[in-house]
Amino acid sequence: MKALQYRTIGAPPEVVTVPDPEPGPGQVLLKVTAAGVCHSDIAVMSWPAEAFPYALPLTLGHEGVGTVAALGAGVTGLAEGDAVAVYGPWGCGTCAKCAEGKENYCLRADELGIRPPGLGRPGSMAEYLLVDDPRHLVPLDGLDPVAAVPLTDAGLTPYHAIKRSLAKLVPGSTAVVIGTGGLGHVAIQLLRALTPARVVALDVSEEKLGLARAVGAHEAVLSDARAADAVRALTGGLGAEVVLDFVGAAPTVATAGAVAAVEGDVTLVGIGGGALPVGFGVLPFEVSVTAPYWGSRGELIEVLDLARAGALSVHTETYALDDAPLAYERLHEGKVNGRAVILPHG
Ligand SMILES: [Zn+2]
Ligand SMILES: [Zn+2]
């Protein structure tokens with residue numbers, strides 16, 4: 001089958017032919033209908049050889065939806081042809097966190113060498129994807145594959161980040177979204193669907209701010225050195241109760257801290273390598289800063305339910321598998337508005 005692989009440190013990913021996977025006992029083989037192109041793959045492909053944690057070649061793609069093509073021995077509860085979304089952050093399935101459905105925080109994944117598809121294990125940018133266990137699959141139940149596939153990361157990750165702060169997003173509150181790309185433009189819609197908060201979006205281009213407004217941001221502010229003052233001005237000097245940074249680079253993390261209100265939540269989601277110091281007098285009183293990772297299985301089910309209710313509309317542009325390297329190139333150049341989605345079977 002064809003697959004998009006990252007093969008050489010520093011080189012662009014390539015479409016290659018690899019052996020067709022076959023499901024072993026307990027595994028499920030999916031025919032991939034859609035795979036999402038995530039900015040974190042670009043971060044992964046920028047890591048130097050000495051810091052690269054995965055074996056190469058690596059088939060990319062940690063967002064995937066597909067139809068069941070074959071079941072390994074012993075698999076029950078699924079049938080060939082079922083349309084499903086893949087829950088990506090695989091865990092051991094039995095530790096205390098996995099028992100809660102929080103496989104993103106599995107206590108034993110490192111020790112057992114368990115990796116998500118596309119981030120250590122062969123990913124979804126291929127004609128077929130091997131899934132280790134049927135519990136990683138959530139029924140699409142009528143959702144369009146292209147619209148649904150970004151929800152497995154670009155929907156689930158902001159959903160998890162927002163859910164922890166829902167109690168602070170009361171009427172009159174402000175939520176700031178820094179970075180309105182794949183994850184950020186879904187975060188704006190989640191905030192509008194789940195809370196009465198005023199949503200202020202920050203990004204570096206007018207085109208991205210246009211998308212932010214179109215999907216529901218009340219205010220859109222250019223993300224530059226004056227952004228923090230602009231957000232302060234919009235909030236009567238008080239700052240925002242919740243700040244979500246989907247970039248996570250040094251300048252955006254500094255902005256995130258600078259716009260937080262007293263008792264605010266600052267959530268750093270992007271993996272841009274920035275850090276925010278915490279200490280007495282450094283931030284407003286009782287600001288809490290956290291860096292979460294992905295979301296739980298239960299939260300993925302909730303996000304898909306929200307999409308089925310019509311509350312989410314992910315902006316996508318589609319590419320054939322042969323054009324997947326181009327999709328990464330365009331994303332790297334900041335030219336993708338919303339999410340790029342690969343269709344391995346055209
Ligand atoms: Zn991602
Ligand atoms: Zn576990």
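Can you find, within region 246-304, the residue that is nearest to residue 197 (Cα to Cα) among those that are in contact with a Gly (Cβ under 9 Å, 6 or more places away or on another chain) and aromatic (Phe, Trp, Tyr)?
So the residue we want is 246.
Just to be sure before I move on: is residue 253 of a type in the set (Val, Ile, Thr) and in contact with a helix residue (DSSP H, G or I) (Cβ under 9 Å, 6 or more places away or on another chain) in the structure I sent?
Criteria not met by residue 253.
Would you pick out the residues in region 144-161 that are away from ligand 1 (no atom under 16 Å from the Cβ) and either buried (at least 19 other Cβ atoms within 10 Å of the Cβ) or not in a loop (DSSP other than H, G, I, E, B) (or both)?
145, 146, 147
Would you mention how many residues in region 17-66 are touching a Ser or Thr at 6+ places or on another chain (Cβ under 9 Å) and over 21 Å from residue 295 (Cβ atoms)?
Number of matching residues: 7.
Going through region 167-183 one residue at a time, which ones are in a helix (DSSP H, G or I), more than 16 Å from ligand 1 (Cβ to nearest atom) and touching a strand residue (DSSP E or B) at 6+ places or on another chain (Cβ under 9 Å)?
Selection gives 168 alone.
For region 184-270, give me every one of the strands (runs of 3 or more DSSP E) that falls completely inside it and has 3 or more residues that are crowded, with 17+ Cβ neighbours inside 10 Å and touching a Pro at 6+ places or on another chain (Cβ under 7 Å).
260-268
Using beta carbons and a limit of 6 Å, which pairs, at least six apart or on different chains, have the first residue in region 75-93 and farther than 17 Å from residue 108 by Cβ and the second one in a loop (DSSP other than H, G, I, E, B) and hydroxyl-bearing (Ser, Thr, Tyr)?
Qualifying pairs under 6 Å: none.
Could you list, in sequence order, the residues of region 120-140 that are in a loop (DSSP other than H, G, I, E, B), within 16 Å of residue 79 (Cα to Cα) and in contact with a helix residue (DSSP H, G or I) (Cβ under 9 Å, 6 or more places away or on another chain)?
Listed by number, the list holds a single entry, 140.
Any chance you could count how many residues in region 55-97 are more than 16 Å from ligand 1 (Cβ to nearest atom), outside any loop (DSSP other than H, G, I, E, B) and not charged (D, E, K, R)?
9
Going residue by residue through region 106-114, is there one that turns out to be assigned to a loop (DSSP other than H, G, I, E, B), of a type in the set (Asp, Glu), within 16 Å of ligand 2 (Cβ to nearest atom) and under 21 Å from the mean Cα position of the chain (by Cα)?
No: zero hits.
Any residue that is touching a residue at least 12 places away in the same chain (Cβ under 8 Å), acidic (Asp, Glu) and touching a Pro at 6+ places or on another chain (Cβ under 8 Å) - is there at least one of those in region 13-34?
The answer is yes; a qualifying residue exists.
Provide a single number: the residues in region 223-245 that are more than 19 Å from residue 263 (Cα to Cα) and in contact with a strand residue (DSSP E or B) (Cβ under 7 Å, 6 or more places away or on another chain).
Of the residues in that region, 3 qualify.
Can you give me the number of residues within region 25-47 that are touching a strand residue (DSSP E or B) at 6+ places or on another chain (Cβ under 8 Å) and either of a type in the set (A, V, I, L, M) or in a loop (DSSP other than H, G, I, E, B) (or both)?
11
Taken together, the values in this text are just the output of simple stated rules run on the coordinates, not laboratory data. Every value quoted in this text rests on a predicted model; they were computed, and no experiment measured them. Positions of Cβ are generated from backbone atoms using ideal geometry, with glycine treated the same way; all protein chains shown enter the neighbour counts.
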